[in-house]
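> Submitted below is the structure of interest, expressed as structure tokens.
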Amino acid sequence: MTPFGERVRALREGKGVTLKQMATDLHISSAYLSALEHGKRGQPSPQLVRQICAYFGIIWDEAEELERLADLSHPRVTVDTAGLSPKATELANRLAERIHGLDDGTLERLLVLLDEAPARGGPAVRRRTGPRRR
């Protein structure tokens, strides 16, 4: 599940709306909405995020937060460490190897560390839009 999918599911369940009803109301398939909630589809389009905000009456800061979660919810990412230090490459590779075994507490501590670190330059993350190539 992605942060966006988790939030949409919580909003939907909080309003007592079924997945099928929400999908019908938004004119999307229930299979697509389910895949978004479960993190099996890529990021939703900005238009769909706006539709969901309107559907739940979300405005201002809460709408911006949902947009932020959508931006952070691509289930497949590639970290480009070209031109970075060997330590950056090692970190990216070790995280890729071990992320499936990390518990929520460890993930939360890592996120806090990242939030505390000063950001330099642009993002070094490319989001995959197609199927994974081997």
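> Please give the per residue accessible area of the chain, computed with a probe of 1.4 Å over protein heavy atoms only, in Å². Mind showing how you got there, number by number?
Details: 10030 Å² over 134 residues.
For the chain, the per-residue accessible area is 75 Å².
> On the accessible surface of the range 27-84, probed at 1.4 Å, how many percent belong to carbon and sulfur atoms?
Percent of accessible area from carbon and sulfur atoms in the range 27-84: 52.
> Let me ask another. Springs between alpha-carbon pairs under 10 angstrom, Gaussian network model over the chain: which of R76, R50, R98 fluctuates most?
Looking only at R76, R50, R98, the biggest GNM fluctuation is shown by R98.
> Follow-up question, since we're still on this one. Given C-alpha coordinates of the chain, what is the ratio Rg to Rh with the Kirkwood estimate of Rh? Spell out each step's value before the answer.
Values: Rg = 16.9 Å, Rh = 16.8 Å.
Reported Rg/Rh (Cα atoms, Kirkwood Rh): 1.01.
> Given axes a ≥ b ≥ c from the Cα gyration tensor, I'd like to know whether the range 1-79 is rounded (a/c under 1.5), prolate (a/b larger than b/c) or oblate.
oblate
> Compute the long axis of helix 104-116 from its Cα atoms, compare it with the longest principal axis of the Cα atoms of the chain, and write down the angle in degrees, 0 to 90, nearest 10.
With rounding to tens, the tilt is 70 degrees.
> If you put +1 on each Lys and Arg Cβ and -1 on each Asp and Glu Cβ, how big is the dipole of the chain around its Cα centre, in Debye rounded to 20?
Computed about the Cα centre, the dipole is about 820 debye.
> Beyond 14 Å, what percent of the Cα pairs of the range 41-104 remain?
Of all Cα-Cα pairs in the range 41-104, 68 percent lie more than 14 Å apart.
> Can you give the angle from 0 to 90° between the axis of helix 86-98 and the longest principal axis of the chain, with both taken from C-alpha atoms, to the nearest 10?
For 86-98 against the chain, the angle is about 50 degrees.
The values are calculated or read from the model by the stated rules, or taken from the named source; none is laboratory data. Values in this document were obtained by computation on a predicted structure and should not be read as measured data. Positions of Cβ are backbone-derived with ideal geometry, glycine not excepted, and every protein chain shown enters the neighbour counts. We work out accessible area using only protein heavy atoms, side chains counted, and drop any ligands, DNA or RNA first. Shrake-Rupley method; radii C 1.70, N 1.55, O 1.52, S 1.80 Å.
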